[in-house]
Each structure stands twice: as structure tokens, then as C-alpha cells.
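Before any comments, here is the structure.
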Amino acid sequence: MKNERKCELFQQYPQLKEIANKGTVLWENTNWMENPETRLFTMAEVEDAENTLQRFSSYLKVAFPELVESDGLIESTIQEIPAMKKALEQKYGVSIPGHLLLKCDHALPISGSIKARGGIYEVLKHAERLAMASGRLKVEDDYALLATEAFQSFFQQYTIAVGSTGNLGLSIGIMGKKLGFNVVVHMSSDAKEWKKALLREKGATVIEYEADYSVAVEQGRQEAEQDPMCHFIDDENSKDLFAGYAVAAKRLKDQLEKTNITIHEEQPLFVYLPCGVGGGPGGVAYGLREIFGEHVHIFFAEPVASPCMTIGLMTGLHDAISVEDIGLDNKTEADGLAVGRASKFVGKVMETYISGCYTVSDQELFTSLGLAMDSEALFLEPSANAGMFGAIRLLQKDSSYFEKHNLVSHLSQATHLVWATGGSMVPATMRAAYLAKSRELD
Ligand SMILES: *Cc1c(COP(=O)(O)O)cnc(C)c1O
């Protein structure tokens, strides 16, 4: 980006300067709409995803015995975190009105992160398409069939490739290898060693880059294009990924109702989602707005060094602006969020759907990591702690969001839902190192 253009943008968007200085900001989306619409995506695609996942449930139970209990459904629970609420209030000198709930995607079966939604769905959908096209599978079959050797050797002819900062590669690698595919994961420099080691152990090919996520994705895309037997899972553009993530929304509505929480004007829902390239939080946000309408208020959380979605939405430039353009280095311990350029597809859809974005420092992420362990005996990877700061930012940053949306009198009935996006796969030694770091920084 030319210097002139940059100056122009700084002038037009004063908050951009604060972001360039690594300030922790709350950006409110003035394009938010009560009844948003998009031409880029439909609920029908989400329903297709639900149905596909349902068809695969009998296979998933055979392939992953941990799914027997949930009848082949890949889902996480919600839980109140009252001790964490208290700890946050004390640490940051605020009082959070209403309930503080955690969406436990850090404990999602199979791959322990939000990527077990979108990533696994796209692999399954691709497998189904190939199997059906070959005449080996019919929609009315019992999909447990797919666990047989005949299918393993059938899928062995095909390759699935993906570019990732870690968790998407992990989800696709575990699922793809289980079915019998060749899997090639292009890993950015942020990806943790243990994630690469685990993937190699499962039989995936891991290609490492010295560069960041965008480069890993582009290399993967180019390589996959050379091979007609290869399907590239495109984290920057895939509607299948997006649909897989969106499935969470309807299920969440049921979960809330089971705990006697219904969402309406007097009982608003606030949802805080850690954001990398945008697909995971975007899919969830899309589904939630379709279901809860104007009564759900969604904020994306990004590291101060990697606020790609914040600046993409703020300027309307989406993937035409990168964090490097405003002098940021995209270096963060929140490896799942280390993305310098947002998805254009997701950004476009989110323009009218989400209420805003905020940024968090790595220091805050580690503080939260320690607080969650001490207060709730809960381990969340650094990225997954970004959601903990949503309510705090809204209360802290002289925001008038509550006033503007006539929410003040309803806040005592509000539900704040922190989307915990990853953590249960992190090995014990890494957990100990993260905890030590959180004590040291505090
Ligand atoms: C990938 C990831 C996210 C964000 O998802 P995007 O689709 O990249 O926006 C958040 N948290 C964790 C732990 C992740 O791995």
C-alpha cells in the first residue's frame, strides 16, 4: 500500500492510528443492521451441512469411539463460569451485569478446537461426493460402511490439501487420514511444533514455511491446482467451511433453552468470538443472527498485532488491506489468530451482521489463561482467551453501545457468551509453559 493512501486512511479513520500503535480498541460497526441480508450465502447451505453431518453420524461413531455417547454428533457444551467472572471483575475493575457463559469448543471431540466444525464438515462432504460419484455410496446407505478397508483404499487415490496456522490442519489431517486420504498440510511459521508432530504421526505430510499464514495458503492453493486428484480446502474462500461452522447456531439455541435462557428484547445475548481469517467466527455469527435476529450482539476479538478483520471491516477494504500495511508485524502467541489479511468473502457477509470488533494484547491473553486455570481449573489456548475480554471492552472503553441500542435496562438479564475456541489437545508440557508465562507476565 502506498504511503499516501495510508495517510488518507489514517485521516479518514482516526481509530486506525490507535490500532497501528497496538492499542487495545473497541470498534463499533456503524453498518450493523437489524435485519441483515446477504446474497453470498443462504441458510439452505447450513441445513445441507446439518443433514450431511447427520448422515455421517454412524460412521463417526465407528471411527471415533469418543462420539458414541453423543450418537455421532460433534458438539460442545455451554457452562456458566461464575468464578472466572469474579476474577475478571476484580482484575479489571468492572462489574459484568448478567450471566457469563462459556461455549466449550476447546473441548470439541476429534480435534479440540472450533475447526472441528468447519474443517471436518468439508472433508466429509468431499468424501461423500467422491464416494457417490464412483457409485460406491448411496444417500440411504448406512455410512458406517465408510470405515471399511474398501473405502480406505478408494480414498487413498485422492489428496486433500490445506494451508493453516495449526488447528485447521489438525482437524483436516485427523479426519482426512481416518478416511484414508492423503493429506498435505501447508503450515505457517506460527504453527506449533506439537501440532506438526501430531499430524506427521497420523500420516499427514506437513510442509513448513518461514512465512505467515497467507503465504502458506497461497502455496497450498497453487500446488493443489497442479493435481486433479487433489481437493484444496480454502480457508480464505470456502463456503463449505463457513456452512460447517454455522451449524453451531441452532444447536446453541437448543442448549440455551435447556438452561432456561431464551433470547429476546429483554434478554439480549452478547457473543464474543476470537477471529483469525474469519471463517469460524463468521459462520457462527451468520447462523446466530439468522436465528436470534437483532437480539444477538456479536463481537470479533483479534490480537493487537493481527487485527485483519477489524481493519478490513472498518475501511471496507477487506482483503485489500493487511496488518503489515499499517506497520503491524502479525506476531502473536495466539497462533490460531495470527492472520494478516482477512477473508473477503467473510468480511463482505459480516458487514451488516456483526456489532463490532475489539483487540487484545498478548499480555491480556496470558492473564486470562492464568485466571481461567486458577478460577475454573480450565485450560484454554492463548487464542481462545480473546473472547474473555468482550464484556470488559464494552464496559471499559467508554463505549456507548449499550445506550445506542437501548440495552441499559436489560443488562441485568443479559447473557455474555465467550466462545472458547481451542485448548484440549494442547500437550501437558505446553500447558505448563503457557501457565508459567502467564505467572511471569503478571
Ligand atoms: C482458527 C481459530 C480461530 C479463528 O477462526 P478463523 O476461521 O481463522 O477466523 C479462533 N481460535 C482458534 C483456537 C483457532 O484455531
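The values are calculated or read from the model by the stated rules, or taken from the named source; none is laboratory data. For clarity, every value in this text was computed on a predicted model and none was experimentally measured. Cβ: placed from backbone, ideal geometry, glycine included. Neighbour counts: every protein chain shown. Heavy atoms of the whole protein, side chains included, go into the accessibility calculation; ligands, DNA and RNA do not. Shrake-Rupley method; radii C 1.70, N 1.55, O 1.52, S 1.80 Å.
Can you pull out the GluC sites (Glu not before Pro) in region 196-302 that DSSP calls coil and that have at most 16 other Cβ atoms within 10 Å? Walk me through the numbers before you get to the answer.
Values: sites: E201, E208, E210, E218, E223, E225, E236, E257, E265, E266, E290, E294; in loops: E210, E236, E265, E266.
Within region 196-302, the qualifying GluC sites (Glu not before Pro) (loop, at most 16 other Cβ atoms within 10 Å) are E210, E265, E266.
Say the dipole of the chain comes from +1 at the beta carbon of Lys and Arg and -1 at that of Asp and Glu; which of L100, L407, M43 then lies farthest toward its positive end?
My answer, from the dipole projection, is L100.
Just the number, please: Stokes-Einstein D of the chain in µm²/s, Kirkwood Rh from C-alpha pairs, 4 °C, 1.567 mPa s.
Details: Rh = 21.9 Å.
The estimated diffusion coefficient comes to 59 µm²/s.
Given K192/K258; K61/K85; K6/K348, which pairs have Cα atoms separated by over 28 Å? Mind dumping the intermediate values first?
Numbers: K192/K258 37 Å; K61/K85 36 Å; K6/K348 22 Å.
Correct reply: K192/K258; K61/K85.
Please report the carbon-and-sulfur percent of the accessible area for the chain; probe 1.4 Å, protein heavy atoms only, DNA, RNA and ligands left out. Present the calculation step by step, with values, prior to reporting the outcome.
On the way: 8010 of 17080 Å².
Carbon with sulfur: 47 percent of the solvent-accessible area.
Tell me whether region 384-441 comes out rounded, prolate or oblate; compute the Cα gyration tensor, take square roots of the eigenvalues as a ≥ b ≥ c, and use a/c under 1.5 as the rounded threshold. It would help to have the intermediate numbers written out before the result.
Details: a/c = 4.36, a/b = 2.45, b/c = 1.78.
The shape class here is prolate.
From the square roots a ≥ b ≥ c of the eigenvalues of the alpha-carbon gyration tensor of region 96-231, which class results: rounded (a/c under 1.5), prolate (a/b over b/c), or oblate? Walk me through the intermediate numbers first.
Working: a/c = 2.09, a/b = 1.22, b/c = 1.72.
Oblate, since a/c reaches 1.5 and b/c is not below a/b.
When a/c reaches 1.5 or more, the comparison of a/b and b/c decides; with that in mind, is region 1-123 rounded, prolate or oblate per its Cα gyration tensor?
Oblate is the answer for region 1-123, as a/c is 1.5 or above yet b/c matches or exceeds a/b.
Rounded to the nearest 5, what % of the DSSP beta bridges within the chain are antiparallel ones?
On the way: 8 of 43 bridges.
For the chain, the DSSP antiparallel bridge percentage is about 20.
Go through region 32-82 and name the GluC sites (Glu not before Pro) that are in a DSSP coil and have 16 or fewer other Cβ atoms within 10 Å of their Cβ. Before the final figure, lay out each step's value.
On the way: sites: E34, E37, E45, E47, E50, E66, E69, E75, E80; in loops: E34, E37, E69, E75.
In loop regions of region 32-82 (DSSP not H, G, I, E or B), the sparsely surrounded GluC sites (Glu not before Pro) are E34, E37, E69.
Extending each Cα 7 Å along its Cβ direction at R136 and E149, get the distance between those two points in nm, one decimal.
With each label placed 7 Å out from Cα toward Cβ, I get 1.4 nm.
Can you compute the helix-only [θ] at 222 nm over the chain? Use -39500 (n - 2.57) per DSSP H run of at least 4 residues, normalise by all residues, nearest 500 deg cm²/dmol.
Numbers: 19 runs with 197 residues, N = 442.
Using -39500 (n - 2.57) per qualifying helix, the result is -13000 deg cm²/dmol.
Excluding ligands, DNA and RNA, what is the solvent-accessible area per residue of region 114-238 at a probe of 1.4 Å, expressed in Å²? Display every interim value, and only then the final one.
Details: 4910 Å² over 125 residues.
I get 39 Å² per residue for this part.
Within region 108-163, report the trypsin sites (Lys or Arg not before Pro) that DSSP leaves as loop and that have at most 14 other Cβ atoms within 10 Å. List each step's numbers first, then the result.
Details: sites: K115, R117, K125, R129, R136, K138; in loops: R136, K138.
When the trypsin sites (Lys or Arg not before Pro) of region 108-163 are filtered for loop state and at most 14 Cβ neighbours within 10 Å, R136, K138 remain.
How large is the dipole of the chain about the Cα centre if only Lys and Arg carry +1 and Asp and Glu carry -1, each at its Cβ, rounded to the nearest 20 debye?
Details: 42 positive and 60 negative charges, 65 e Å.
The calculation lands at about 320 debye.
Viscosity 1.002 mPa s, temperature 20 °C: Stokes-Einstein D of region 285-442 from its Kirkwood Cα radius, in µm² per second?
Numbers: Rh = 16.8 Å.
Translational D for this selection: 128 µm²/s.
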